[in-house]
Amino acid sequence: MDLFKAERVALITGGARGMGFACARNLAREGVKVALVDINGDRVKESARKLTEETGTPAIGIRTDISSESEVAAMVAEANAKFGRIDLFLNSAAILADNLFLESTPAEWERMLKVCLFGPMLCLRAILPGMVERKHGRVVCMASDSGRLGQARLSYYAAAKGGVMSLVKSVAQEVGRSGITMNVVSPGATNTELRQEREELMRKKMGDEKYQQRVKTVLRMYPTGRLGEPEDAAAMITFLLSDQASWVTGQVISVNGGFVML
């Protein structure tokens, strides 16, 4: 199956690792040129080098804080200068917080919302005009099933991701007649570097015995018996960014091993 019938350029925030990089690898294997974006400049440039080395497809790394309007504008300008346009956009950049709401602070809420909600808004505002002008575009924003159902200790993360879902559904209605599709992929617990870092902190805090009990409890919640891998979500994202998904828009699609069935 030909996923892309013409030459395409993708921009992926949070693309230096995890699900973003897994999707970038899929796209590059299909011949899609990729601009990887991450707040860690050294890491994103190394990931771009690795991607080109693995696939032979041109890729660049752009250091950007997506919560900054000026940096987002510079990011889009750099990608356009290198590749001429942006056809596909994946917002995968995120931060996590494991905290009871009553123990959290407004400063923590603000940081979460800036990265996980305001950041995607800035990116969409900067990227969509070019897609509208060319009458073609594919957009996927990452969310979380915590944003669909709510989840203890993830309240303000869930709030931000719930906002992303509403944002994408609303804007999809505005730009659909311009040949642009916009969807949300909502993963369950996925074995990314970000999750591994969070889990290591939790293990140190809980102790090995209690932590291993927690791991078993979490796995029992998944009918598939395992956590996700970045490639699981990347497969769905790649399809939604492809020419094959031209009649799928405004949808929230869970890739979660059966953790939530809606």
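Please verify whether the range 84-106 includes one or more residues that are of a type in the set (Asp, Glu), in contact (Cβ under 8 Å) with a residue 60 or more places away in the chain and within 29 Å of Ile180 (Cα to Cα).
yes
Filter the range 16-52 for residues that are in contact (Cβ under 8 Å) with a residue 40 or more places away in the chain and assigned to a strand (DSSP E or B); which is surrounded by the fewest Cβ atoms within 10 Å (Cβ to Cβ)?
Selected residue: Lys33.
Note down all Cβ pairs under 9 Å where the first residue falls in the range 221-232 and is at positive phi and without any contact (Cβ under 8 Å) to a residue 60 or more places away in the chain, the second is of a type in the set (A, V, I, L, M) and assigned to a helix (DSSP H, G or I), and they're at least six residues apart or on different chains.
As it stands, the answer is Gly225/Leu219, since those pairs meet every condition given.
Is there any pair linking a residue in the range 133-157 that is outside the structural domain of Leu100 (by TED's automatic domain parsing) to one that is among the acidic types (Asp, Glu) and surrounded by 14 or more Cβ atoms within 10 Å (Cβ to Cβ), with Cβ under 7 Å and at least six apart or on different chains, and which?
none
Considering only the range 213-244, state which residues are more than 18 Å from the chain's Cα centre (by Cα) and assigned to a helix (DSSP H, G or I). Spell out how you get there, then give the answer.
So the first thing to find is which residues in the range 213-244 are more than 18 Å from the chain's Cα centre (by Cα), and the list is 213-226, 243-244.
Correct list: Gln213, Arg214, Val215, Lys216, Thr217, Val218, Leu219, Arg220, Asp243, Gln244.
Filter the range 142-176 for residues that are among the aliphatic types (A, V, I, L, M), touching a helix residue (DSSP H, G or I) at 6+ places or on another chain (Cβ under 6 Å) and at pLDDT below 95 and give the result.
Leu154
Residue check: is Val255 in contact with a Pro (Cβ under 6 Å, 6 or more places away or on another chain), of a type outside the set (D, E, K, R) and either surrounded by 14 or more Cβ atoms within 10 Å (Cβ to Cβ) or not assigned by TED's automatic domain parsing to the domain that holds Ala24 (or both)?
Yes, satisfied.
Condition first: basic (Lys, Arg) and without any contact (Cβ under 8 Å) to a residue 60 or more places away in the chain. Now tell me which residues in the range 158-194 satisfy that.
Within the range 158-194, Lys161, Arg177 qualify.
Within the range 53-63, is there a residue that is at pLDDT 95 or above, among the charged types (D, E, K, R), touching a helix residue (DSSP H, G or I) at 6+ places or on another chain (Cβ under 8 Å) and not in a strand (DSSP E or B)?
So in the range 53-63, the residues at pLDDT 95 or above come out as 53-63.
Those left that are additionally among the charged types (D, E, K, R): 53-54, 63.
Narrowing the set further to residues that are touching a helix residue (DSSP H, G or I) at 6+ places or on another chain (Cβ under 8 Å) leaves 54, 63.
In the following step, the residues that additionally are not in a strand (DSSP E or B) were identified as 54.
Yes, some residue in the range 53-63 is at pLDDT 95 or above, among the charged types (D, E, K, R), touching a helix residue (DSSP H, G or I) at 6+ places or on another chain (Cβ under 8 Å) and not in a strand (DSSP E or B).
Going by what's in this entry, would Val9 be described as among the β-branched types (Val, Ile, Thr) and either surrounded by fewer than 16 Cβ atoms within 10 Å (Cβ to Cβ) or free of Cβ contacts under 8 Å to residues at least 40 places away in the same chain (or both)?
Details: among the β-branched types (Val, Ile, Thr): yes; either surrounded by fewer than 16 Cβ atoms within 10 Å (Cβ to Cβ) or free of Cβ contacts under 8 Å to residues at least 40 places away in the same chain (or both): no.
Spelling it out, it is not the case that Val9 is among the β-branched types (Val, Ile, Thr) and either surrounded by fewer than 16 Cβ atoms within 10 Å (Cβ to Cβ) or free of Cβ contacts under 8 Å to residues at least 40 places away in the same chain (or both).
Could you please find all residues in the range 127-147 being part of a helix (DSSP H, G or I) and crowded, with 19+ Cβ neighbours inside 10 Å?
Selection gives Ile127, Leu128, Met131, Ser146, Gly147.
Go over the candidates Thr55, Thr105, Thr64 one by one and state the one that is over 21 Å from Val164 (Cβ atoms), hydroxyl-bearing (Ser, Thr, Tyr) and buried (at least 17 other Cβ atoms within 10 Å of the Cβ).
Of the residues listed, the single one that is over 21 Å from Val164 (Cβ atoms), hydroxyl-bearing (Ser, Thr, Tyr) and buried (at least 17 other Cβ atoms within 10 Å of the Cβ) is Thr55.
What are the pairs with Cβ atoms under 8 angstrom where one residue, in the range 239-262, is within 30 Å of Val218 (Cα to Cα) and the other, located anywhere, is among the charged types (D, E, K, R) and in a loop (DSSP other than H, G, I, E, B)? Sequence gap at least six, or different chains.
Ser254/Asp145; Asn256/Asp145; Gly257/Arg226; Phe259/Asp145; Val260/Asp145
For Thr105, state whether it is touching a strand residue (DSSP E or B) at 6+ places or on another chain (Cβ under 6 Å) and of a type in the set (Val, Ile, Thr). Give the steps one after another, and end with the answer.
Details: touching a strand residue (DSSP E or B) at 6+ places or on another chain (Cβ under 6 Å): no; of a type in the set (Val, Ile, Thr): yes.
In short, no.
The values are calculated or read from the model by the stated rules, or taken from the named source; none is laboratory data. None of the values given here were measured: they were computed from a predicted structure. In this analysis, Cβ positions are derived from the backbone assuming ideal geometry, glycine residues included, and neighbour counts consider all displayed protein chains.
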